[in-house]
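Asker: Structure below; questions to follow.
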Amino acid sequence: MRPVQAARDGFRHTLADRLRQAVGGPARLRVVVLLACVLALESADTATVGAVAVQLERSLHVGNTQIGLLATVSTAIGAAATLPVGALTDRVNRTRLLTGAIVAWSGAMIVSGAASSYLMLLITRLALGAVVATAGPAVASLTGDLFPAAERGRIYGFVLSGELVGVGIGFLVSGDIAAVLSWRYSFWALAVPGLVLAWAMWRLLPEPARGGQSRLPVGAEQIPAADHIDPADRATAVPPSDPGANDQARGQSPTADAEGSVEKKIEEEGVRPHQDLVLHSSPADRSLGWAVRYVLSIRTNRVLILASALGYFFFAGLRTFAVVFLRDRFSIGQGLASSLLVVLGVGAIVGVLFTGRLGDWLIDRRRIITARPMVAGTCFLTAAGMFLPGLLTTSLLAAAPLFFLAAAGLGGANPPLDAARLDLMHHGLWGRAEAVRTVLRSGFEAIAPLLFGYVSTQFGAHTSGLGHPIGNAGPAGAGLDHTFLIMLTPLAAAGLLLLLRATKTYPRDVATAQASEHATAHTAPPM
(Lines give C-alpha, C1' and ligand atoms only; values in the text may rest on other atoms or scores of the structure.)
Protein backbone atom coordinates (compact mmCIF):
# COMPACT_ATOMS: atom_id res chain seq x y z
CA MET A 1 0.00 0.00 0.00
CA ARG A 2 2.92 2.35 0.61
CA PRO A 3 3.82 2.75 -3.11
CA VAL A 4 0.14 3.45 -3.88
CA GLN A 5 -0.08 6.00 -1.07
CA ALA A 6 3.17 7.60 -2.20
CA ALA A 7 1.83 7.87 -5.74
CA ARG A 8 -1.36 9.52 -4.48
CA ASP A 9 0.61 11.99 -2.35
CA GLY A 10 2.84 12.77 -5.31
CA PHE A 11 -0.16 13.41 -7.55
CA ARG A 12 -1.76 15.74 -4.98
CA HIS A 13 1.52 17.57 -4.54
CA THR A 14 1.97 17.96 -8.30
CA LEU A 15 -1.62 19.14 -8.75
CA ALA A 16 -1.26 21.72 -5.98
CA ASP A 17 1.99 22.97 -7.54
CA ARG A 18 0.32 23.31 -10.92
CA LEU A 19 -2.60 25.22 -9.48
CA ARG A 20 -0.29 27.59 -7.61
CA GLN A 21 1.72 28.13 -10.78
CA ALA A 22 -1.43 28.71 -12.87
CA VAL A 23 -2.74 31.52 -10.67
CA GLY A 24 0.62 32.94 -9.61
CA GLY A 25 1.50 31.69 -6.14
CA PRO A 26 0.04 30.43 -2.84
CA ALA A 27 -1.58 33.69 -1.73
CA ARG A 28 -3.32 34.13 -5.07
CA LEU A 29 -4.49 30.51 -5.03
CA ARG A 30 -5.99 30.98 -1.56
CA VAL A 31 -7.99 34.01 -2.72
CA VAL A 32 -9.17 32.33 -5.93
CA VAL A 33 -10.30 29.17 -4.11
CA LEU A 34 -12.19 31.08 -1.41
CA LEU A 35 -13.96 33.39 -3.86
CA ALA A 36 -14.76 30.47 -6.16
CA CYS A 37 -16.29 28.58 -3.23
CA VAL A 38 -18.54 31.55 -2.43
CA LEU A 39 -19.97 31.44 -5.96
CA ALA A 40 -20.18 27.65 -5.75
CA LEU A 41 -22.51 27.84 -2.74
CA GLU A 42 -25.00 30.06 -4.53
CA SER A 43 -25.11 27.97 -7.70
CA ALA A 44 -25.14 24.62 -5.84
CA ASP A 45 -28.31 25.61 -4.02
CA THR A 46 -30.24 26.54 -7.17
CA ALA A 47 -28.94 23.48 -9.01
CA THR A 48 -30.07 21.29 -6.13
CA VAL A 49 -33.64 22.47 -6.64
CA GLY A 50 -33.41 21.30 -10.25
CA ALA A 51 -31.68 18.04 -9.35
CA VAL A 52 -34.37 17.02 -6.86
CA ALA A 53 -37.28 18.51 -8.83
CA VAL A 54 -38.84 15.12 -9.58
CA GLN A 55 -38.66 14.04 -5.90
CA LEU A 56 -40.08 17.40 -4.75
CA GLU A 57 -42.96 17.16 -7.21
CA ARG A 58 -43.86 13.68 -5.96
CA SER A 59 -43.36 14.38 -2.26
CA LEU A 60 -45.06 17.77 -2.11
CA HIS A 61 -47.57 17.21 -4.95
CA VAL A 62 -46.57 20.23 -7.02
CA GLY A 63 -45.78 20.94 -10.68
CA ASN A 64 -43.02 22.62 -12.73
CA THR A 65 -44.27 26.12 -11.96
CA GLN A 66 -43.99 25.58 -8.20
CA ILE A 67 -40.49 24.14 -8.63
CA GLY A 68 -39.53 27.21 -10.62
CA LEU A 69 -40.95 29.42 -7.87
CA LEU A 70 -38.61 27.81 -5.30
CA ALA A 71 -35.63 29.00 -7.31
CA THR A 72 -37.27 32.34 -7.99
CA VAL A 73 -37.98 33.50 -4.44
CA SER A 74 -34.42 33.31 -3.10
CA THR A 75 -33.06 35.04 -6.20
CA ALA A 76 -35.75 37.74 -6.04
CA ILE A 77 -35.05 38.50 -2.38
CA GLY A 78 -31.35 38.63 -3.19
CA ALA A 79 -32.02 41.11 -6.00
CA ALA A 80 -34.02 43.36 -3.68
CA ALA A 81 -31.21 43.37 -1.09
CA THR A 82 -28.31 43.76 -3.52
CA LEU A 83 -28.24 47.57 -3.83
CA PRO A 84 -27.96 48.30 -0.09
CA VAL A 85 -25.46 45.44 0.27
CA GLY A 86 -23.48 46.89 -2.66
CA ALA A 87 -23.31 50.22 -0.83
CA LEU A 88 -22.03 48.40 2.26
CA THR A 89 -19.45 46.61 0.14
CA ASP A 90 -17.86 49.94 -0.80
CA ARG A 91 -17.69 51.01 2.87
CA VAL A 92 -17.28 48.07 5.26
CA ASN A 93 -15.09 45.00 5.73
CA ARG A 94 -16.00 42.80 2.77
CA THR A 95 -14.64 39.50 4.08
CA ARG A 96 -16.67 39.81 7.30
CA LEU A 97 -19.75 40.71 5.26
CA LEU A 98 -19.31 37.55 3.19
CA THR A 99 -18.72 35.42 6.29
CA GLY A 100 -21.96 36.55 7.90
CA ALA A 101 -23.92 35.91 4.69
CA ILE A 102 -22.53 32.39 4.38
CA VAL A 103 -23.47 31.52 7.97
CA ALA A 104 -27.03 32.75 7.34
CA TRP A 105 -27.17 30.74 4.12
CA SER A 106 -26.08 27.54 5.88
CA GLY A 107 -28.73 27.98 8.54
CA ALA A 108 -31.40 28.48 5.89
CA MET A 109 -30.32 25.26 4.14
CA ILE A 110 -30.78 23.31 7.38
CA VAL A 111 -34.27 24.71 7.85
CA SER A 112 -35.14 24.06 4.18
CA GLY A 113 -34.37 20.39 4.59
CA ALA A 114 -36.71 20.19 7.57
CA ALA A 115 -39.67 21.77 5.75
CA SER A 116 -42.88 19.77 6.22
CA SER A 117 -44.84 21.35 3.36
CA TYR A 118 -44.31 23.22 0.11
CA LEU A 119 -45.35 26.52 1.72
CA MET A 120 -42.87 26.05 4.54
CA LEU A 121 -40.10 25.23 2.07
CA LEU A 122 -40.97 28.31 0.03
CA ILE A 123 -40.85 30.57 3.09
CA THR A 124 -37.56 29.19 4.41
CA ARG A 125 -35.89 29.78 1.04
CA LEU A 126 -36.51 33.51 1.34
CA ALA A 127 -33.48 33.69 3.65
CA LEU A 128 -31.24 32.21 0.97
CA GLY A 129 -31.06 35.59 -0.75
CA ALA A 130 -28.15 36.47 1.59
CA VAL A 131 -25.44 35.01 -0.62
CA VAL A 132 -27.20 36.17 -3.79
CA ALA A 133 -27.09 39.75 -2.50
CA THR A 134 -23.55 39.65 -1.12
CA ALA A 135 -21.53 37.42 -3.41
CA GLY A 136 -21.53 39.49 -6.60
CA PRO A 137 -20.51 42.91 -5.22
CA ALA A 138 -18.01 41.53 -2.70
CA VAL A 139 -16.31 39.12 -5.11
CA ALA A 140 -16.03 41.79 -7.81
CA SER A 141 -14.61 44.38 -5.42
CA LEU A 142 -12.10 41.97 -3.84
CA THR A 143 -10.97 40.71 -7.26
CA GLY A 144 -10.37 44.26 -8.47
CA ASP A 145 -8.34 45.18 -5.39
CA LEU A 146 -6.23 42.01 -5.28
CA PHE A 147 -5.43 41.44 -8.99
CA PRO A 148 -4.12 43.79 -11.72
CA ALA A 149 -6.29 44.80 -14.66
CA ALA A 150 -4.20 42.94 -17.23
CA GLU A 151 -5.01 39.62 -15.52
CA ARG A 152 -8.66 40.16 -14.68
CA GLY A 153 -10.04 38.00 -17.47
CA ARG A 154 -7.80 35.06 -16.59
CA ILE A 155 -8.37 35.36 -12.84
CA TYR A 156 -12.11 35.72 -13.29
CA GLY A 157 -12.01 32.50 -15.29
CA PHE A 158 -10.65 30.65 -12.26
CA VAL A 159 -13.08 32.33 -9.84
CA LEU A 160 -16.14 31.75 -12.02
CA SER A 161 -15.24 28.09 -12.41
CA GLY A 162 -16.46 27.78 -8.81
CA GLU A 163 -19.95 28.76 -9.92
CA LEU A 164 -19.94 25.91 -12.42
CA VAL A 165 -18.45 23.42 -9.98
CA GLY A 166 -21.28 24.36 -7.63
CA VAL A 167 -23.82 23.58 -10.34
CA GLY A 168 -22.14 20.19 -10.87
CA ILE A 169 -22.22 19.44 -7.14
CA GLY A 170 -25.85 20.45 -6.98
CA PHE A 171 -26.83 18.22 -9.88
CA LEU A 172 -24.65 15.17 -9.24
CA VAL A 173 -24.15 14.97 -5.47
CA SER A 174 -27.51 16.37 -4.44
CA GLY A 175 -29.30 14.35 -7.12
CA ASP A 176 -27.66 11.11 -6.01
CA ILE A 177 -28.35 11.85 -2.34
CA ALA A 178 -32.01 12.46 -3.16
CA ALA A 179 -32.21 9.21 -5.12
CA VAL A 180 -30.65 7.15 -2.31
CA LEU A 181 -32.01 8.92 0.78
CA SER A 182 -34.35 11.90 0.41
CA TRP A 183 -34.44 15.41 -1.03
CA ARG A 184 -34.15 16.67 2.55
CA TYR A 185 -30.62 15.28 2.89
CA SER A 186 -29.65 17.07 -0.32
CA PHE A 187 -30.22 20.42 1.38
CA TRP A 188 -28.62 19.36 4.65
CA ALA A 189 -25.52 18.09 2.86
CA LEU A 190 -24.83 21.59 1.51
CA ALA A 191 -25.03 23.28 4.92
CA VAL A 192 -21.85 21.59 6.20
CA PRO A 193 -19.42 22.92 3.54
CA GLY A 194 -21.10 26.31 3.95
CA LEU A 195 -20.12 26.48 7.62
CA VAL A 196 -16.59 25.29 6.79
CA LEU A 197 -16.27 28.03 4.16
CA ALA A 198 -17.45 30.67 6.62
CA TRP A 199 -14.70 29.61 9.04
CA ALA A 200 -12.10 29.62 6.24
CA MET A 201 -13.12 33.12 5.10
CA TRP A 202 -12.83 34.40 8.67
CA ARG A 203 -9.39 32.91 9.24
CA LEU A 204 -7.67 32.95 5.84
CA LEU A 205 -8.81 36.06 3.94
CA PRO A 206 -7.94 39.40 5.60
CA GLU A 207 -9.64 42.52 4.31
CA PRO A 208 -7.37 44.08 1.64
CA ALA A 209 -6.80 47.81 1.23
CA ARG A 210 -8.83 49.52 -1.44
CA GLY A 211 -7.29 51.16 -4.46
CA GLY A 212 -4.63 48.60 -5.32
CA GLN A 213 -2.22 48.72 -2.35
CA SER A 214 -2.98 45.08 -1.52
CA ARG A 215 -2.52 43.76 -5.05
CA LEU A 216 -0.87 40.35 -5.02
CA PRO A 217 2.33 40.10 -7.05
CA VAL A 218 3.19 36.78 -8.68
CA GLY A 219 4.70 34.45 -6.08
CA ALA A 220 3.19 36.24 -3.06
CA GLU A 221 2.77 34.02 0.00
CA GLN A 222 0.70 36.32 2.19
CA ILE A 223 -2.32 38.57 1.60
CA PRO A 224 -1.55 42.10 2.86
CA ALA A 225 -4.35 43.30 5.13
CA ALA A 226 -5.60 46.88 5.01
CA ASP A 227 -4.67 47.55 8.64
CA HIS A 228 -1.06 46.54 7.96
CA ILE A 229 -0.54 49.21 5.28
CA ASP A 230 0.89 52.59 6.20
CA PRO A 231 -1.83 55.28 6.01
CA ALA A 232 0.63 57.54 4.17
CA ASP A 233 1.01 54.91 1.47
CA ARG A 234 -2.77 54.57 1.27
CA ALA A 235 -3.24 58.30 0.82
CA THR A 236 -0.73 58.46 -2.05
CA ALA A 237 -2.00 55.37 -3.80
CA VAL A 238 -1.40 55.01 -7.50
CA PRO A 239 -4.55 54.54 -9.58
CA PRO A 240 -5.36 50.84 -9.96
CA SER A 241 -5.99 51.39 -13.67
CA ASP A 242 -2.22 51.12 -14.12
CA PRO A 243 -1.34 47.51 -13.25
CA GLY A 244 2.37 48.15 -13.00
CA ALA A 245 2.26 51.41 -11.11
CA ASN A 246 2.10 49.95 -7.62
CA ASP A 247 5.05 47.70 -8.40
CA GLN A 248 7.01 50.78 -9.47
CA ALA A 249 5.97 52.60 -6.30
CA ARG A 250 7.46 49.73 -4.28
CA GLY A 251 10.71 49.84 -6.20
CA GLN A 252 9.90 46.78 -8.28
CA SER A 253 9.90 46.37 -12.02
CA PRO A 254 6.49 46.46 -13.68
CA THR A 255 5.33 43.10 -14.91
CA ALA A 256 4.94 42.20 -18.53
CA ASP A 257 1.21 42.11 -17.95
CA ALA A 258 1.24 45.85 -17.29
CA GLU A 259 2.37 46.45 -20.85
CA GLY A 260 -0.48 44.30 -22.13
CA SER A 261 -3.36 45.89 -20.21
CA VAL A 262 -6.34 47.40 -21.97
CA GLU A 263 -5.63 50.71 -20.16
CA LYS A 264 -2.12 50.77 -21.62
CA LYS A 265 -3.53 50.30 -25.11
CA ILE A 266 -6.06 53.08 -24.49
CA GLU A 267 -3.21 55.44 -23.60
CA GLU A 268 -1.11 54.40 -26.58
CA GLU A 269 -3.94 55.00 -29.05
CA GLY A 270 -4.94 58.31 -27.50
CA VAL A 271 -8.58 57.40 -26.91
CA ARG A 272 -10.35 60.41 -25.42
CA PRO A 273 -12.62 60.07 -22.37
CA HIS A 274 -16.13 61.45 -21.97
CA GLN A 275 -15.19 64.60 -20.08
CA ASP A 276 -18.65 65.01 -18.57
CA LEU A 277 -18.29 61.60 -16.85
CA VAL A 278 -14.76 62.03 -15.50
CA LEU A 279 -14.76 62.03 -11.68
CA HIS A 280 -12.62 64.61 -9.85
CA SER A 281 -13.24 63.41 -6.30
CA SER A 282 -13.51 59.97 -4.74
CA PRO A 283 -16.99 58.46 -5.22
CA ALA A 284 -16.66 56.30 -2.09
CA ASP A 285 -18.83 58.57 0.05
CA ARG A 286 -21.38 59.54 -2.58
CA SER A 287 -24.98 58.47 -2.09
CA LEU A 288 -26.40 55.23 -3.41
CA GLY A 289 -28.80 57.11 -5.67
CA TRP A 290 -25.95 59.08 -7.22
CA ALA A 291 -23.93 55.91 -7.70
CA VAL A 292 -26.79 54.12 -9.46
CA ARG A 293 -27.34 57.04 -11.83
CA TYR A 294 -23.63 57.32 -12.60
CA VAL A 295 -23.16 53.59 -13.18
CA LEU A 296 -26.11 53.51 -15.58
CA SER A 297 -24.90 56.62 -17.41
CA ILE A 298 -21.96 54.63 -18.81
CA ARG A 299 -23.15 53.33 -22.18
CA THR A 300 -21.04 50.20 -22.40
CA ASN A 301 -21.93 49.24 -18.87
CA ARG A 302 -25.64 49.31 -19.72
CA VAL A 303 -25.04 46.93 -22.62
CA LEU A 304 -22.83 44.60 -20.55
CA ILE A 305 -25.42 44.49 -17.76
CA LEU A 306 -28.23 43.63 -20.17
CA ALA A 307 -26.19 41.01 -22.01
CA SER A 308 -25.13 39.39 -18.74
CA ALA A 309 -28.73 39.35 -17.51
CA LEU A 310 -29.94 37.67 -20.70
CA GLY A 311 -27.23 35.03 -20.44
CA TYR A 312 -28.02 34.26 -16.81
CA PHE A 313 -31.74 34.17 -17.65
CA PHE A 314 -31.18 31.18 -19.93
CA PHE A 315 -28.68 29.60 -17.52
CA ALA A 316 -31.12 29.85 -14.60
CA GLY A 317 -33.87 28.10 -16.53
CA LEU A 318 -31.45 25.48 -17.79
CA ARG A 319 -30.03 24.53 -14.40
CA THR A 320 -33.53 24.32 -12.87
CA PHE A 321 -35.12 22.06 -15.50
CA ALA A 322 -32.21 20.34 -17.26
CA VAL A 323 -32.54 17.08 -15.32
CA VAL A 324 -36.29 16.94 -15.90
CA PHE A 325 -35.79 17.65 -19.62
CA LEU A 326 -33.05 15.09 -20.12
CA ARG A 327 -34.92 12.32 -18.30
CA ASP A 328 -38.02 12.79 -20.42
CA ARG A 329 -36.41 13.62 -23.78
CA PHE A 330 -33.89 10.78 -23.84
CA SER A 331 -35.70 8.31 -21.52
CA ILE A 332 -32.82 8.05 -19.04
CA GLY A 333 -32.65 7.75 -15.27
CA GLN A 334 -31.81 10.29 -12.58
CA GLY A 335 -28.21 9.12 -12.22
CA LEU A 336 -27.39 9.27 -15.92
CA ALA A 337 -29.11 12.65 -16.34
CA SER A 338 -27.15 14.12 -13.41
CA SER A 339 -23.89 12.63 -14.72
CA LEU A 340 -24.52 14.09 -18.17
CA LEU A 341 -24.98 17.53 -16.66
CA VAL A 342 -21.65 17.18 -14.87
CA VAL A 343 -20.04 16.50 -18.25
CA LEU A 344 -21.67 19.66 -19.58
CA GLY A 345 -20.40 21.46 -16.49
CA VAL A 346 -16.89 20.40 -17.46
CA GLY A 347 -17.53 22.00 -20.85
CA ALA A 348 -18.58 25.22 -19.16
CA ILE A 349 -15.45 25.16 -16.96
CA VAL A 350 -13.30 24.67 -20.05
CA GLY A 351 -15.06 27.70 -21.51
CA VAL A 352 -14.47 30.01 -18.54
CA LEU A 353 -10.82 29.01 -18.19
CA PHE A 354 -10.16 29.48 -21.92
CA THR A 355 -12.02 32.70 -22.72
CA GLY A 356 -10.70 34.75 -19.82
CA ARG A 357 -7.16 33.96 -20.92
CA LEU A 358 -8.11 34.48 -24.58
CA GLY A 359 -9.44 37.98 -23.95
CA ASP A 360 -6.28 38.99 -22.07
CA TRP A 361 -4.11 37.46 -24.81
CA LEU A 362 -5.93 39.31 -27.61
CA ILE A 363 -5.42 42.60 -25.78
CA ASP A 364 -1.78 41.87 -24.99
CA ARG A 365 -0.56 40.19 -28.18
CA ARG A 366 -3.02 41.26 -30.87
CA ARG A 367 -3.62 44.73 -29.46
CA ILE A 368 -7.40 44.38 -29.78
CA ILE A 369 -8.81 46.86 -27.26
CA THR A 370 -12.36 45.52 -27.55
CA ALA A 371 -11.34 41.88 -27.13
CA ARG A 372 -13.33 41.32 -23.93
CA PRO A 373 -16.81 42.30 -25.22
CA MET A 374 -15.96 40.72 -28.58
CA VAL A 375 -15.07 37.34 -27.03
CA ALA A 376 -18.15 37.42 -24.76
CA GLY A 377 -20.48 38.17 -27.67
CA THR A 378 -19.00 35.39 -29.77
CA CYS A 379 -19.47 32.96 -26.88
CA PHE A 380 -23.17 33.76 -26.52
CA LEU A 381 -23.78 33.26 -30.24
CA THR A 382 -21.82 30.00 -30.17
CA ALA A 383 -23.90 28.75 -27.26
CA ALA A 384 -27.17 29.52 -29.05
CA GLY A 385 -25.88 27.95 -32.26
CA MET A 386 -24.90 24.71 -30.51
CA PHE A 387 -27.99 24.44 -28.31
CA LEU A 388 -30.32 24.70 -31.31
CA PRO A 389 -29.45 21.39 -33.05
CA GLY A 390 -28.91 19.71 -29.68
CA LEU A 391 -32.47 20.49 -28.63
CA LEU A 392 -33.88 19.31 -31.94
CA THR A 393 -32.27 15.85 -31.96
CA THR A 394 -33.67 12.86 -30.09
CA SER A 395 -30.32 11.04 -30.05
CA LEU A 396 -28.41 11.38 -26.79
CA LEU A 397 -25.18 10.44 -28.57
CA ALA A 398 -25.62 13.27 -31.07
CA ALA A 399 -26.84 15.80 -28.51
CA ALA A 400 -24.07 15.31 -25.92
CA PRO A 401 -21.16 16.93 -27.88
CA LEU A 402 -23.44 19.76 -29.02
CA PHE A 403 -24.50 20.47 -25.45
CA PHE A 404 -20.84 20.29 -24.35
CA LEU A 405 -19.85 23.02 -26.85
CA ALA A 406 -22.94 25.07 -25.99
CA ALA A 407 -22.06 24.90 -22.30
CA ALA A 408 -18.50 26.03 -23.08
CA GLY A 409 -19.91 29.06 -24.90
CA LEU A 410 -22.45 29.88 -22.20
CA GLY A 411 -19.88 29.69 -19.41
CA GLY A 412 -17.12 31.28 -21.48
CA ALA A 413 -19.01 34.56 -21.92
CA ASN A 414 -18.70 35.49 -18.25
CA PRO A 415 -14.96 36.01 -17.51
CA PRO A 416 -14.42 38.63 -20.24
CA LEU A 417 -17.74 40.28 -19.33
CA ASP A 418 -16.86 40.53 -15.64
CA ALA A 419 -13.36 41.79 -16.39
CA ALA A 420 -14.76 44.39 -18.80
CA ARG A 421 -17.13 45.76 -16.16
CA LEU A 422 -14.24 46.44 -13.79
CA ASP A 423 -12.37 48.16 -16.65
CA LEU A 424 -15.24 50.64 -17.00
CA MET A 425 -15.53 51.73 -13.38
CA HIS A 426 -13.60 53.74 -10.77
CA HIS A 427 -12.47 51.39 -8.00
CA GLY A 428 -14.54 53.32 -5.43
CA LEU A 429 -17.67 52.19 -7.28
CA TRP A 430 -16.89 48.53 -7.85
CA GLY A 431 -19.23 47.23 -5.16
CA ARG A 432 -22.20 49.41 -6.09
CA ALA A 433 -21.62 48.93 -9.83
CA GLU A 434 -21.71 45.17 -9.40
CA ALA A 435 -24.79 45.53 -7.21
CA VAL A 436 -26.61 47.40 -9.98
CA ARG A 437 -25.69 44.64 -12.41
CA THR A 438 -26.69 41.94 -9.92
CA VAL A 439 -30.12 43.50 -9.38
CA LEU A 440 -31.00 43.22 -13.07
CA ARG A 441 -29.24 39.87 -13.46
CA SER A 442 -30.98 38.48 -10.39
CA GLY A 443 -34.30 39.79 -11.60
CA PHE A 444 -33.88 37.88 -14.85
CA GLU A 445 -32.64 34.83 -12.94
CA ALA A 446 -35.60 35.03 -10.57
CA ILE A 447 -38.22 35.11 -13.29
CA ALA A 448 -36.52 32.48 -15.48
CA PRO A 449 -37.39 29.29 -13.52
CA LEU A 450 -40.97 30.45 -13.02
CA LEU A 451 -41.34 31.45 -16.68
CA PHE A 452 -39.64 28.32 -17.99
CA GLY A 453 -41.91 26.18 -15.82
CA TYR A 454 -45.06 28.03 -16.81
CA VAL A 455 -44.30 28.03 -20.55
CA SER A 456 -43.50 24.33 -20.43
CA THR A 457 -46.92 23.59 -18.97
CA GLN A 458 -48.55 25.48 -21.83
CA PHE A 459 -46.75 23.34 -24.40
CA GLY A 460 -47.08 20.16 -22.35
CA ALA A 461 -50.03 18.47 -20.73
CA HIS A 462 -53.25 20.16 -19.67
CA THR A 463 -52.77 22.05 -16.44
CA SER A 464 -54.78 23.93 -13.87
CA GLY A 465 -53.91 26.82 -11.62
CA LEU A 466 -50.16 27.40 -11.48
CA GLY A 467 -49.19 24.32 -13.41
CA HIS A 468 -50.68 21.39 -11.51
CA PRO A 469 -51.08 18.45 -13.93
CA ILE A 470 -54.67 17.24 -14.30
CA GLY A 471 -56.40 14.52 -16.18
CA ASN A 472 -54.11 12.58 -18.50
CA ALA A 473 -51.16 14.81 -17.81
CA GLY A 474 -47.95 14.16 -19.64
CA PRO A 475 -44.55 13.63 -18.00
CA ALA A 476 -42.83 16.40 -16.07
CA GLY A 477 -40.55 17.16 -19.02
CA ALA A 478 -43.36 17.65 -21.50
CA GLY A 479 -43.09 21.02 -23.24
CA LEU A 480 -39.58 21.81 -22.04
CA ASP A 481 -38.10 21.15 -25.49
CA HIS A 482 -40.23 23.93 -27.02
CA THR A 483 -39.52 26.17 -24.04
CA PHE A 484 -35.74 25.87 -24.37
CA LEU A 485 -35.94 26.58 -28.11
CA ILE A 486 -37.93 29.77 -27.52
CA MET A 487 -35.55 30.92 -24.79
CA LEU A 488 -32.56 30.73 -27.15
CA THR A 489 -33.72 34.08 -28.57
CA PRO A 490 -32.50 36.24 -25.64
CA LEU A 491 -29.22 34.29 -25.63
CA ALA A 492 -28.56 35.20 -29.26
CA ALA A 493 -29.69 38.78 -28.60
CA ALA A 494 -27.04 39.08 -25.86
CA GLY A 495 -24.31 38.10 -28.31
CA LEU A 496 -25.48 40.57 -30.95
CA LEU A 497 -25.68 43.42 -28.42
CA LEU A 498 -22.08 42.89 -27.39
CA LEU A 499 -20.70 42.58 -30.91
CA LEU A 500 -22.70 45.39 -32.52
CA ARG A 501 -22.89 47.89 -29.66
CA ALA A 502 -20.44 47.30 -26.81
CA THR A 503 -17.39 46.99 -29.06
CA LYS A 504 -18.08 50.53 -30.36
CA THR A 505 -18.49 52.30 -27.02
CA TYR A 506 -16.05 50.32 -24.86
CA PRO A 507 -12.74 52.17 -25.59
CA ARG A 508 -13.98 55.66 -24.65
CA ASP A 509 -15.72 54.40 -21.53
CA VAL A 510 -12.52 52.66 -20.37
CA ALA A 511 -10.63 55.89 -21.07
CA THR A 512 -13.17 57.74 -18.91
CA ALA A 513 -12.63 55.34 -16.00
CA GLN A 514 -8.88 55.69 -16.39
CA ALA A 515 -9.11 59.49 -16.39
CA SER A 516 -11.23 59.33 -13.23
CA GLU A 517 -8.63 57.17 -11.50
CA HIS A 518 -5.86 59.64 -12.30
CA ALA A 519 -7.97 62.64 -11.28
CA THR A 520 -8.69 61.10 -7.86
CA ALA A 521 -5.28 59.44 -7.36
CA HIS A 522 -4.45 61.41 -4.21
CA THR A 523 -7.77 60.80 -2.50
CA ALA A 524 -7.34 58.25 0.26
CA PRO A 525 -9.62 55.25 -0.29
CA PRO A 526 -11.69 54.01 2.65
CA MET A 527 -10.45 51.25 4.92
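The values are calculated or read from the model by the stated rules, or taken from the named source; none is laboratory data. This is a predicted model, so every value here is computed, not measured. Note that each Cβ is placed from the backbone with ideal geometry, even for glycine, and that neighbours are counted across all protein chains shown. Just so you know, the surface numbers come from the protein's heavy atoms only, side chains and all, with ligands and any DNA or RNA stripped out. Shrake-Rupley method; radii C 1.70, N 1.55, O 1.52, S 1.80 Å.
Asker: What residues qualify as long-range amide H neighbours of Ala209, i.e. H under 5 Å apart, gap of 5 or more or another chain, H built at 1.01 Å from N?
Answerer: Ser214, Ala226
Asker: I'm a student and want to see the number: the projected area of the Cα convex hull of the stretch 59-217, averaged over all directions, in nm².
Answerer: Values: hull surface 40.5 nm².
Computed as one quarter of the Cα hull surface, the answer is 10.1 nm².
Asker: Suppose accessible area is computed on protein heavy atoms with a 1.4 Å probe; arrange Arg18, Arg215 from highest to lowest.
Answerer: Working: Arg18 160, Arg215 20 Å².
Ranking Arg18, Arg215 by accessible area, largest first, yields Arg18, Arg215.
Asker: Something else about it: Give the residue list of trypsin sites (Lys or Arg not before Pro) in the stretch 342-419 that are DSSP loop and have at most 10 other beta-carbon atoms within 10 angstrom. Display every interim value, and only then the final one.
Answerer: Values: sites: Arg357, Arg365, Arg366, Arg367; in loops: Arg365, Arg366, Arg367.
Within the stretch 342-419, the qualifying trypsin sites (Lys or Arg not before Pro) (loop, at most 10 other Cβ atoms within 10 Å) are Arg365, Arg366.
Asker: How large is ³J(HN,Hα) for each residue in the stretch 295-309, as worked out from phi by the Karplus curve 6.51 cos²θ - 1.76 cosθ + 1.60 (θ = phi - 60°), to whole Hz, x for Gly and Pro?
Answerer: 4, 7, 7, 7, 4, 4, 4, 4, 5, 4, 4, 5, 4, 4, 5
Asker: By how many nm would the segment from Ala398 to Met120 lengthen if fully extended, with 0.36 nm per residue of separation less the alpha-carbon distance?
Answerer: Values: separation 278, 0.36 × 278 = 100.08 nm, distance 4.16 nm.
Stretched fully, the Ala398-Met120 segment lengthens by 95.9 nm.
Asker: Rounded to the nearest 10 Å², what accessible area does Glu263 show when all protein chains are kept and the probe is 1.4 Å?
Answerer: 10
Asker: Related question: If Cys37, Cys379 are ordered by their accessible area, calculated over protein heavy atoms with a 1.4 Å probe, which sequence runs from highest to lowest? The partial results should precede the final answer.
Answerer: Details: Cys37 55, Cys379 15 Å².
Ranked list, largest accessible area first: Cys37, Cys379.
Asker: If you don't mind, there's one more thing I want to ask. If you count only protein heavy atoms and use a 1.4 Å probe, how large is the accessible surface of Ile349, to the nearest 10 Å²?
Answerer: Accessible area of Ile349: about 40 Å².
Asker: Which length gain, in nm to one decimal place, applies between Arg96 and Ala22 when the Cα-Cα distance is subtracted from 0.36 nm times their residue separation?
Answerer: Values: separation 74, 0.36 × 74 = 26.64 nm, distance 2.76 nm.
Here the segment from Arg96 to Ala22 would lengthen by 23.9 nm.
Asker: Would you mind checking which residues have amide H under 5 Å from Asn93's amide H? H placed 1.01 Å from N; only 5 or more apart, or other chain.
Answerer: none
Asker: With the contact rule set at Cα under 8 Å and sequence spacing of 6 or more, what percent relative contact order holds for the stretch 340-414?
Answerer: Working: 98 pairs, mean separation 37.4, N = 75.
Here the relative contact order equals 50 percent.
Asker: In whole Hz, what ³J(HN,Hα) sequence does the stretch 332-338 give by Karplus (6.51, -1.76, 1.60; θ = phi - 60°), x for Gly and Pro?
Answerer: 10, x, 4, x, 5, 4, 5
Asker: When the Cα atoms of the stretch 326-419 are enclosed in a convex hull and the volume is divided per residue, what value in Å³ results?
Answerer: On the way: hull volume 7.8 nm³, N = 94.
Dividing the Cα hull volume of the stretch 326-419 by its residue count gives 83 Å³.
Asker: Near the amide H of Gly25, under 5 Å away, which other amide H atoms are found, from residues 5 or more places off or on another chain, if H is placed in the peptide plane?
Answerer: Close amide H contacts, sequence-distant or interchain: Gly219.
Asker: If Rh is defined by the Kirkwood formula over all Cα pairs and Rg also comes from Cα, what ratio Rg/Rh do you get for the stretch 331-386? Show your work: numbers first, answer last.
Answerer: Values: Rg = 15.4 Å, Rh = 13.0 Å.
Dividing the radius of gyration by the Kirkwood radius yields 1.18.
Asker: For the stretch 32-131, what Kirkwood radius comes out of the mean inverse Cα-Cα distance, in Å? Numbers along the way, then the final one.
Answerer: Numbers: mean 1/r = 0.0697 Å⁻¹.
So the Kirkwood estimate lands at 14.4 Å.
Asker: Using only C-alpha atoms and all pairs of different ones, pull out the Kirkwood radius for the stretch 72-112 in Å with one decimal.
Answerer: Working: mean 1/r = 0.0892 Å⁻¹.
When all Cα pairs of the stretch 72-112 are included, the Kirkwood radius is 11.2 Å.
Asker: Across the stretch 479-494, in residue order, what do the Karplus-derived ³J(HN,Hα) couplings come to in whole Hz, using 6.51 cos²θ - 1.76 cosθ + 1.60 with θ = phi - 60° and x for Gly and Pro?
Answerer: Computed from phi, the couplings for the stretch 479-494 are x, 5, 4, 5, 4, 4, 5, 5, 6, 5, 4, x, 5, 5, 4, 4 Hz.
Asker: How far apart, in nanometres, would the label points at Leu181 and Glu268 be if each is projected 7 angstrom from Cα along the Cα-to-Cβ direction?
Answerer: Result: 5.6 nm between the two label points.
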